[in-house]
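Participant: What follows is a single structure, and I will ask about it in a moment.
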Amino acid sequence: EPEVTQTPSHQVTQMGQEVILRCVPISNHLYFYWYRQILGQKVEFLVSFYNNEISEKSEIFDDQFSVERPDGSNFTLKIRSTKLEDSAMYFCASSVLGGAGTDTQYFGPGTRLTVL
Amino acid sequence: QKEVEQNSGPLSVPEGAIASLNCTYSDRGSQSFFWYRQYSGKSPELIMFIYSNGDKEDGRFTAQLNKASQYVSLLIRDSQPSDSATYLCAATDRGSTLGRLYFGRGTQLTVWP
């Protein structure tokens, strides 16, 4: 069964450093998402992406964050200058229909980001 | 602010019993509702989705939706120890272009043998 994959599984970085989290969505999916989950808290939406453009972003997704689809398979989340409060699990998700009809989002295994 | 509320639990049931998980949502415009299971340290795994009022059954799982009461529930019949996890309720936003999900905090379920 096709799956969303993410690398790395765990990233440790120093405050102020840039990190890039990578995702490979399910191959026939065209709609991509990033969510994050701070330990013990809710899963929170960050951004949605379609046709090489951001469709929607939350208030969390400020100028420190960016997303890119650098090639036909990868989808990346970049945090330019990490802060302690960016420590969280970051989940990539993808879907076929972008929220229409009976669409569902499938989540990758996550990247645990630890900012020291 | 759109909110999805769940009892955090923990909910503890014996093996073979029915586990009942509940969720309410604040936005009447929400159209689609999802139950995800999340094991500790893992990603959300989709169990069921429901769009229409009433019941929807899939194996041991039944989702129930009451839009008038803004209430969603998940029943797990014949609960197994492997069902022990945190169950996340999520809703989409009608105003969202690509179906942004709002999650509840989750209900922790323990099924004891």
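Participant: Along the stretch A:17-30, what does the Karplus equation 6.51 cos²θ - 1.76 cosθ + 1.60 (θ = phi - 60°) give for ³J(HN,Hα), rounded to whole Hz, x for Gly and Pro?
Facilitator: Rounded to whole hertz, the list is 7, 8, 10, 10, 9, 10, 9, 10, x, 4, 4, 9, 8, 10.
Participant: Additional query: Under 13 Å from the 7 Å Cα→Cβ point of A:Val12, by amide nitrogen: which residues of the stretch A:74-116?
Facilitator: Zone members listed by number: A:113-116.
Participant: Moving to a separate point now. Give the lysines reachable from A:Lys57 as a straight Cα distance under 18 Å; neighbours fewer than 8 places away on the same chain don't count.
Facilitator: Those lysines meeting the cut-off are A:Lys42, A:Lys78, B:Lys2.
Participant: Moving on. What ³J(HN,Hα) values, in whole Hz, does the Karplus curve 6.51 cos²θ - 1.76 cosθ + 1.60 give for the stretch B:11-26 when θ = phi - 60°, with x put for Gly and Pro?
Facilitator: Along the stretch B:11-26, the couplings run 9, 10, 9, x, 4, x, 7, 8, 9, 10, 10, 10, 7, 10, 9, 8 Hz.
Participant: Under the definition of partner shielding as Cβ atoms of other protein chains within 10 Å of a residue Cβ, what is the mean value for peptide B:99-109? Display every interim value, and only then the final one.
Facilitator: Working: counts 14, 12, 11, 4, 7, 2, 4, 5, 0, 0, 0.
Mean partner-chain Cβ count within 10 Å for B:99-109: 5.
Participant: Here is a follow-up. Let me confirm one metric for peptide B:10-22, namely the mean number of other chain beta-carbon atoms within 10 Å of its residues' beta-carbons.
Facilitator: Details: counts 0, 0, 0, 0, 0, 0, 0, 0, 0, 0, 0, 0, 0.
Mean partner-chain Cβ count within 10 Å for B:10-22: 0.
Participant: A further question on this structure: Taking amide hydrogens as modeled 1.01 Å from N in the peptide plane, which residues meet the under 5 Å criterion relative to B:Asn7, leaving out close sequence neighbours?
Facilitator: The list, which skips near neighbours in sequence, is B:Asn22.
Participant: I need the shape label for the protein assembly as shown. Rule: rounded when a/c is under 1.5, else prolate if a/b > b/c, else oblate, with a, b, c from the alpha carbon gyration tensor. Intermediate values should be presented prior to the final figure.
Facilitator: Working: a/c = 1.85, a/b = 1.47, b/c = 1.26.
Here the protein assembly as shown falls in the prolate category.
Participant: For the stretch A:44-58, in order, what is each residue's ³J(HN,Hα) by Karplus, 6.51 cos²θ - 1.76 cosθ + 1.60 with θ = phi - 60°, in whole Hz (x at glycine and Pro)?
Facilitator: Once rounded to whole Hz, the list reads 10, 6, 10, 7, 10, 8, 8, 6, 6, 9, 5, 8, 8, 9, 8.
Participant: State the extension gain, in nm to one decimal, for the chain segment bounded by B:Arg60 and B:Thr110, taking 0.36 nm per residue of separation less the distance between their alpha-carbons. Present the calculation step by step, with values, prior to reporting the outcome.
Facilitator: On the way: separation 50, 0.36 × 50 = 18.00 nm, distance 1.63 nm.
Full extension from B:Arg60 to B:Thr110 adds 16.4 nm.
Participant: Which distance in Å, rounded to a whole number, links the C-alpha centroids of the stretch A:31-108 and the stretch B:11-88?
Facilitator: Computed from Cα coordinates, the inter-centre distance equals 24 Å.
Participant: So, in nm, how far is label B:Lys42 from label B:Ala17 when the simple model puts each one 7 Å beyond its Cα toward the Cβ?
Facilitator: Going by the 7 Å Cα→Cβ label model, 2.3 nm.
Participant: Once the piece of chain linking A:Leu116 and A:Asn28 is laid out straight, how much longer is it, given 0.36 nm per residue of separation minus the C-alpha distance between them?
Facilitator: Values: separation 88, 0.36 × 88 = 31.68 nm, distance 3.72 nm.
Length gained between A:Leu116 and A:Asn28: 28.0 nm.
Participant: Can you tell me how much longer the chain between A:Ile60 and A:Asn74 gets when fully stretched, taken as 0.36 nm per residue apart minus their C-alpha distance, in nm with one decimal?
Facilitator: On the way: separation 14, 0.36 × 14 = 5.04 nm, distance 2.24 nm.
Computed gain between A:Ile60 and A:Asn74 is 2.8 nm.
Participant: Separate question: Stokes-Einstein at 10 °C, 1.306 mPa s, Kirkwood radius from Cα pairs: D for chain B in µm² s⁻¹?
Facilitator: It comes out at roughly 113 µm²/s.
Each value in this text was obtained by applying a stated rule to the coordinates, not by laboratory testing. The structure presented is a predicted model; accordingly, all values stated were derived computationally and were not measured. Cβ sites come from the backbone with ideal geometry, for glycine too, and all protein chains shown count toward neighbours.
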